[in-house]
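We did not get these values from a lab; they are worked out from the coordinates using the rules stated. Keep in mind that this is a model prediction, so the values were computed, not measured. Glycine gets a Cβ as well: all are built from the backbone with ideal geometry, and neighbour counts include every protein chain shown.
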Amino acid sequence: MTGSILSAFNIIVGICTFIFPVRALDNGLALTPTMGWLHWERFMCNTDCDADPHNCISEKLYMEMADAMVKDGWKDAGYEYVCIDDCWPSRDRDSEGRLQADPKRFPGGIKKLADYMHSKGLKLGIYADVGTMTCAGYPGSLGHYDTDAQTFAEWGVDLLKFDGCNMPNWTLLAGGYINMSVALNKTGRSILYSCEWPLYEWQFHQPNYTAIRQTCNHWRNSADVFDSWSSVTGIVDWTADHQDLIVPVAGPGGWNDPDMLVIGNFGLSRDQQETQMALWAIMAAPLLMSNDLRAIDPQSQRLLQNRHIIAISQDPLGKQGTRKAKVNGFEVWQRPLSTGGLALAVTNRQEIGGPRHFPLTLATVLVWRSCYHQCNVTQILPQYRELGVQNLFSKLQLSVNPTGTTLLLLSPVPAMSCTRLQAKKWLRYLSKDRAQRTAL
């Protein structure tokens, strides 16, 4: 490139940067993964309040969930958002072009609901769509981004879940999501922005995760979660298969969202519920429950409120964990923590037989950087147990139920001088190639 052409090129780039600046989302929110409750998987689009007043999408439902969150320890455990999903609005905008809540099901309007949440020390989330209509056919935000953002801010909304249905052309998705992000920030109110941008682009091309990270506080990548083991494992597998792409962009302020926790519903066994909870914590996923907090069983409540798992989820380092190994029907997942240690999950993916033993040697799961020379090992799931200080070559026999997970916390022990024998053993281990180490 000649000097004159290069100068012209730099001028054009400078002009384009001035016109189209890249501004990272900087709303100070979601510095750790979002925690709360979201209605969709459990209550879906049930709008028949005459036939089913206890479970229909109405202000009564959200107020009762808020009451339960305060009364039953959810708020104290860290769950703070009560989120409305699709099917809340009237079928038509008002005379000024503003969204309005269905007057029969939300007689006090959304502002009343937001005020109620705030009086409980909670926050309110709401749902809208980037396209012409929501997925259930209610008014979308296309052409109304500024108006809708200002409306949500005036109502006192704290989170927006922005879906991606009914966009006339998929190439408009990115612009729509960016425009709503700008509109939310212009309101001056702190509104957490939950996007479904990549979910709707994957069918056409690989999404631009740098732009998504600069726009959203978290983003959905894969299909809606159902109350089934196959749905949970499908999401887990998708995440693992794409981890090299999606993990590097996650961190404080922006997270990959594998969708809702369905713990406490009908489709998952006890072991499968523990697996979802453990892996969502390892994956630094938002913990948005979709269940009935008014009637949840005590075991599910204890699991969802487990302070040790929540501490892993909310670790301030903000590093998303990854799948490190697949062997003999087991999967090993790891997440680095701010303590210098690791959260380690061993999942038994077999769906037949009984408990199987997984021989865990710390050296073989690549934790030596954190545990040189020793680690204190604590089992979090399936029950809490202190396993004591282990060195790199100690062998732990983990018993893992079919579809279950053993979740461990590995905390480094301050280095001590090692014996000559330990040093020789360590050097022999490092001299082996990776295949030999795995076979140890």
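Here are the numbers:
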quantity: Helical mean residue ellipticity (222 nm; -39500 (n - 2.57) per DSSP H run of 4+; nearest 500) of the chain; calculated: -9500 deg cm²/dmol
quantity: Max mean-square fluctuation residue, GNM over the chain, Cα-Cα springs under 10 Å, options 48, 292, 148; calculated: 48
quantity: Distant-in-sequence amide H partners of residue 287 (H built 1.01 Å from N, under 5 Å); calculated: 34, 35, 36
quantity: The stretch 175-230: C-alpha gyration tensor shape, a/c 1.5 cut-off, then a/b vs b/c; calculated: oblate
quantity: Karplus (6.51, -1.76, 1.60) ³J(HN,Hα), θ = phi - 60°, over the stretch 91-106, in Hz, Gly and Pro reported as x; calculated: 5, 10, 6, 7, 5, 9, x, 9, 4, 9, 6, 4, x, 6, 8, 10
quantity: Shape call, the chain: gyration tensor on alpha carbons, a/c limit 1.5; calculated: oblate
quantity: Cα gyration tensor shape for the stretch 230-357, rounded if a/c is under 1.5, else prolate or oblate; calculated: oblate
quantity: Listed residues 107, 348, 164: farthest to the positive end of the dipole of the chain (Cβ charges); calculated: 348
quantity: Residue-wise HN-Hα coupling along the stretch 211-223, computed from phi with Karplus coefficients 6.51, -1.76, 1.60 (Hz; x: Gly, Pro); calculated: 5, 5, 4, 6, 10, 10, 8, 8, 8, 7, 10, 10, 5
quantity: The chain, relative contact order [Cα under 8 Å, separation at least 6], %; calculated: 13
quantity: Which of 202, 266, 388, positive extreme of dipole for the chain (C-beta unit charges); calculated: 388
quantity: Qualifying chymotrypsin sites (Phe, Trp or Tyr not before Pro) in the stretch 264-355, DSSP loop, other Cβ atoms within 10 Å at most 11; calculated: 266
quantity: Cut-off under 5 Å, modelled amide H: who pairs with residue 255 long-range; calculated: 218, 219
quantity: For the chain, built as a Gaussian network whose Cα springs stay under 10 Å, the top-fluctuating residue of 341, 329, 164; calculated: 329
